[in-house]
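Take a look at the structure below.
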Amino acid sequence: MPSLRVESFMLINEWCMKRYCQTLQLRDDPEMIAKYCEIHAHVWPEIMEGQKAVGILDMQIYRRGTSVFMICDTVDDFDWKRDMDRLSQMPRQAEWEAYVAEAQGANPAAKSTDKWLLMEKIFELEK
């Protein structure tokens, strides 16, 4: 029998959640890529708190070479523009974006939404 936590996540997944997928290209520099991965092994608590405060339930980032792919699961009433704008104003968020910008090959003043590109879902096994 699944644990309560798993059952709860399954209910969220099936009934009241949105999923956003995004992609970004890192600089083609193995040292910078290694640094980027290390940075994400130690995300600042304020960043994770800000994400949760705006309605992000879970976030995962995957990498292959210089390509990174983010899955962002949110509460059902999450509005991408409104809530990502709110996130950009959260404590230390601009500092975090500047911190990761070098490996992303991005302007340190750029917001997350200026760097990450939303993707279009083209297939779903179960609807």
### Query
If contacts are Cα pairs under 8 angstrom and at least 6 residues apart, what is the relative contact order of the chain in percent?
33 percent
### Message
5 Å is the cut-off here: which amide hydrogens, built 1.01 Å from N in the peptide plane, fall below it relative to Tyr20, excluding neighbours closer than 5 in sequence?
### Response
Cys72, Asp73, Thr74
#### Entry: Rule-of-thumb Rg ratio for the chain [Cα; 2.2 N^0.38 Å; N residues]
1.12
### Query
Rounded to the nearest 500 deg cm²/dmol, what is the calculated helix-only ellipticity per residue at 222 nm for the chain, with -39500 (n - 2.57) per DSSP H run of length n ≥ 4?
-13000 deg cm²/dmol
### Query
Using a simple charge model, +1 on the beta-carbon of Lys and Arg, -1 on the beta-carbon of Asp and Glu, nothing else, what dipole does the chain show about its Cα centre, in debye to the nearest 20?
100 debye
#### Entry: Charge tally in the Cβ shell below 10 Å around Asp79, where Lys, Arg are +1 and Asp, Glu are -1, Asp79 excluded
+1
### Query
Under the Karplus relation 6.51 cos²θ - 1.76 cosθ + 1.60, θ = phi - 60°, what is the ordered set of whole-Hz ³J(HN,Hα) values for the range 33-46, x standing for Gly and Pro?
5, 4, 5, 4, 5, 5, 4, 6, 7, 9, 5, 4, x, 5
### Message
Give the aspartates and glutamates whose C-alpha is closer than 17 Å to that of Lys115, dropping any in the same chain fewer than 8 places away, or say none.
### Response
Asp28, Asp83, Asp85, Glu95, Glu97, Glu102
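Readers should treat all values here as calculations from the given coordinates under stated rules, not as data from a laboratory. What you see is a predicted model; the values in this text were computed from it and never measured. Here the Cβ is made from the backbone with ideal geometry for all residues, glycine too, and neighbour counts use every protein chain on show.
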